[in-house]
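This report refers to the structure that appears directly beneath it.
The values are calculated or read from the model by the stated rules, or taken from the named source; none is laboratory data. Predicted model only: the values in this text are computed from it and were never measured. All Cβ positions, glycine included, derive from the backbone under ideal geometry; neighbour counts span all protein chains shown. For the accessible areas, the whole protein counts, side chains as well, though only heavy atoms, and no ligand, DNA or RNA atoms are used. Shrake-Rupley method; radii C 1.70, N 1.55, O 1.52, S 1.80 Å.
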Amino acid sequence: MTKIAVIGAGAWGTALAIALGRGASHQVRLWAYEKEVVESIRANHLNEPFLAGCHMPERIEATQSLAEAISGAEIVLSVMPSHHARRVWTQMKPLLHPDMLLVSATKGIENESLLRMTEVITDVLTHGDGSFQPRLCALSGPTFAREVAKGYPTTISVASADAALCTQVQEAFSDANFRLYRNDDVIGVELGGSVKNVIAIAAGVVDGIGYGFNTVAALITRGLAEMTRLTVACGGRAETMSGLSGLGDLVLTCTGGLSRNRSVGVELGHGRKLDEIIAGMHGMVAEGVLTTRAAVGLAHSHRVEMPIIEQMHLILQHGKQPSDAIRDLMNRPLTKESALFRN
């Protein structure tokens, strides 16, 4: 029996714990920051604050103690919001050892450093006291937490430069309803899973304003071009953006009603202010709001043109009116469709 620690009990972390706890082959411990989450799981086998209505297998143990969650774990799966990743991994570091297999399922980019999540983890674990080189993979793909928790057939990518680690995670996590595909392009898998959230907010804006399918299709297509340009500039592969963690995740979050990022965009399109929208989410996180500034920073540092991302940054951080942003996008200088870095 594989002992797995899931660090982060939001909707996505809870859904992954449910998927891993469905069979008899894993012992799953789920760490939650919130006391009420632990109490809800222990009392009713439900995470009422973040994934209400999705029953959790009784074999899943919930705890507020990182030490208790990680003790004896063979695999540590991190699912905390990106802006908490460095702090939580720093707290976890003394509890980890080099033989553990570490998996990051957080979709985001650290704003201050512009590092992807596996880079943040590596930075924490390879510097200072108790340092070691981690055995590390990234997990990303088109997933709504509620559908994973309900056992709907789902496919996702696991990425590492070490093929053996990918295979180990693939075999441990896959079951009849949750299928993993191996990928060695960690950069592409992580950037796809992060930047698509910004495009999803834009797709919500389009819907909130009241535009139709033409506009959404154009946004998804040109958004994918921007994601691909950034990925290639950062050292990833263009073909990764045609896969699960690129196009697959982009289409899901831009069109699916369960997307928190898209929902934020819808409300922006209706004219609501971002602070008001975030306050109404009751602790839920729309990673695209946090990722926008980092994506713009990466684009500038690599001299990549990303006009949709730039306009979303102006909307989210500077209060630009969504209708003005769309007007400015449509009135950019005319150009050819295919261009790698500037378009």
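Annotations
- The share of alpha-carbon pairs in region 133-198 lying farther apart than 16 Å comes to 47%.
- Sparse-neighbourhood loop sites, GluC sites (Glu not before Pro) in region 239-337 - DSSP loop, at most 12 other Cβ within 10 angstrom: Glu337
- Ile187 accessible area, 1.4 Å probe, all protein chains in place, Å² to nearest 10: 40
- Net charge in the neighbourhood of Asn261 (other residues with Cβ under 14 Å of its Cβ; Lys, Arg +1, Asp, Glu -1) is 0.
- Here the Karplus relation 6.51 cos²θ - 1.76 cosθ + 1.60, evaluated at θ = phi - 60°, turns the backbone of region 167-177 into coupling constants of 5, 4, 5, 4, 6, 6, 8, 6, 8, 5, 10 Hz, with x for every Gly and Pro.
- Placing unit charges on the Cβ atoms only, positive for Lys and Arg and negative for Asp and Glu, gives region 104-195 a dipole magnitude near 420 debye about its Cα centre.
- Normalised alpha carbon radius of gyration of region 217-322 [divisor 2.2 N^0.38 Å]: 1.09
- Shown for region 172-283 is the translational diffusion coefficient from the Stokes-Einstein equation, using the Kirkwood radius over Cα pairs, a temperature of 10 °C and a viscosity of 1.306 mPa s: 107 µm²/s.
- Each residue of region 254-263 was assigned a 3J(HN,Hα) from its phi angle through the Karplus expression (A = 6.51, B = -1.76, C = 1.60, θ = phi - 60°), giving 7, 10, x, x, 8, 6, 5, 5, 4, 4 Hz with x at Gly and Pro.
- Taking a point 7 Å out from the Cα of Arg179 in the direction of its Cβ, the residues of region 244-278 whose backbone N falls within less than 14 Å of it are 244.
- Dipole magnitude of the chain about its Cα centre (Cβ charges: Lys, Arg +1; Asp, Glu -1), debye to nearest 20: 500
- Placed amide H near Ser78: partners under 5 Å, 5+ positions off or other chain: Ile7, Val103, Ser104, Ala105
- Both numbers refer to the Cα atoms of the chain; Rg and Dmax are 19.5, 60 Å.
- Sorting Tyr33, Tyr152 on solvent-accessible area from highest to lowest, probe radius 1.4 Å, gives Tyr33, Tyr152.
- Rounded to the nearest 10 square angstrom, Leu290 shows an accessible area of 50 square angstrom against a 1.4 Å probe.
- Solvent-accessible ranking of Cys234, Cys54, largest area first, probe 1.4 Å: Cys234, Cys54
- For Ala286, the amide hydrogen comes within under 5 Å of no other amide hydrogen, counting only partners 5 or more places away or on other chains and with H modelled in the peptide plane.
- Partner lysines for Lys35 [C-alpha distance under 25 Å; skip if fewer than 8 residues away on the same chain]: Lys3, Lys93, Lys107, Lys150
- Ordering Gly193, Gly271, Ala62 by the projection of their Cα atoms onto the charge dipole of the chain, which places +1 on the Cβ of Lys and Arg and -1 on the Cβ of Asp and Glu, puts Gly271 at the extreme positive end.
- Mean projected area of the Cα convex hull of region 1-71, taken over all directions, amounts to 3.9 nm².
- Around the Cα centre of region 269-343, unit charges on the Cβ atoms of Lys, Arg, Asp and Glu (plus for the first two, minus for the last two) sum to a dipole of about 180 debye.
- Measuring only protein heavy atoms, the 1.4 Å probe finds Ser301 accessible over about 80 Å².
- Radius of gyration (Cα atoms) of region 1-149, expressed as a multiple of 2.2 N^0.38 Å: 0.99.
- Normalised Debye scattering of region 267-343 at q = 0.12, 0.26 Å⁻¹ gives log10 I(q)/I(0) of -0.41, -1.28, counting only Cα atoms as equal scatterers and leaving out solvent.
- Karplus (6.51, -1.76, 1.60) ³J(HN,Hα), θ = phi - 60°, over region 112-120, in Hz, Gly and Pro reported as x: 5, 9, 6, 8, 6, 5, 5, 6, 4
- Take every Cα pair under 8 Å whose residues are at least 6 apart in sequence, average their separation, divide by the length of the chain, and the relative contact order is 14 percent.
- Helical contribution to [θ] at 222 nm, DSSP H n ≥ 4, -39,500 (n - 2.57), averaged over the chain, rounded to 500: -14500 deg cm²/dmol
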